């Protein structure tokens, strides 16, 4: 049984897949298996995967289906994994050569930590450097941040497989935020979340990403809103964090208003606006609405991502 399972789901990822997989198979820590779910690709992804000659590769092929999502693919990869730890990487990202070694050593030395992430570099579609994510707070402060959103980029994380599977793995109700729900479940079960304050992956920005596809912003915001509300009921968070979380809920509700307006659903937008206004204090409502209108609220539930996007001028 390998020590670390590397898991990935890919759908039509021919452009960057080989580079992504090579970065995992070429790690300084080699006691691994690589579980890749080909989640209904209709480009050359299948051919690329079949031509990889490495006994550590475990390939799962899924027929094309409109119901295939990131959540369904990554859950299949998790279920097929056998390692003590699981490391995630997106099919367009690149792991630094010592990423797995550093995260494995960290989890071995901190058995009370259920999940560890890291900072990341940002690259464009050509692999050119664009920026670096912000420094991450120490563990106690980092964990409280989860009342406000999913604070670690999923492609940077490694976690205990047994903990994740015992908690139900990736919740399929959240196509674009299943990782946030898993992190909340880990915290609620009494385990810590921590981070290595070094960039251990290169996160790629390009127009073919699932989260920038037309229409995805509505589902992303709905997922975020539901999970922020779920976090309000968890005993783990302190009062200050819950208050910040409620502000994020108000912002997400106003984002729903804008999404409805953009779609031409004016009556629904009015209903959502009234609901948000009734549930929030005036100062919170005004603050959230102005920030949302100005485009400072990014739909994706990733504060790390938001920081980088703002630095790069991506709104």
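The values are calculated or read from the model by the stated rules, or taken from the named source; none is laboratory data. Every value quoted in this text rests on a predicted model; they were computed, and no experiment measured them. Backbone-built Cβ (ideal geometry, glycine too); neighbour counts: all protein chains shown.
Some notes on this structure:
- All told, residue 225 falls short of being outside any helix (DSSP H, G or I) and either touching a residue at least 24 places away in the same chain (Cβ under 8 Å) or within 30 Å of residue 97 (Cα to Cα) (or both).
- Qualifying residue in segment 281-304 (condition: surrounded by 14 or more Cβ atoms within 10 Å (Cβ to Cβ), touching a strand residue (DSSP E or B) at 6+ places or on another chain (Cβ under 8 Å), closer than 25 Å to residue 155 by Cβ and modelled with pLDDT under 70): yes
- Residue within segment 29-38 that is within 25 Å of residue 162 (Cβ to Cβ), in contact with a helix residue (DSSP H, G or I) (Cβ under 6 Å, 6 or more places away or on another chain) and part of a loop (DSSP other than H, G, I, E, B) present: yes
- Failed item, numbered, when residue 200 is tested on (1) more than 18 Å from residue 148 (Cβ to Cβ); (2) surrounded by fewer than 21 Cβ atoms within 10 Å (Cβ to Cβ); (3) at pLDDT 95 or above: (2)
- If the condition is being assigned to a helix (DSSP H, G or I) and without any contact (Cβ under 8 Å) to a residue 12 or more places away in the chain, then segment 241-276 contributes 243, 261, 262, 266, 267, 268, 270, 271, 274.
- Restricting the search to helices (runs of 4 or more DSSP H) fully inside segment 40-124 and requiring at least 2 residues that are touching a strand residue (DSSP E or B) at 6+ places or on another chain (Cβ under 8 Å), closer than 18 Å to residue 28 by Cβ and in the same structural domain as residue 172 (by TED's automatic domain parsing) gives 99-109.
- Residues of segment 155-180 that turn out to be assigned to a helix (DSSP H, G or I) and within 25 Å of residue 243 (Cα to Cα), as a count: 3
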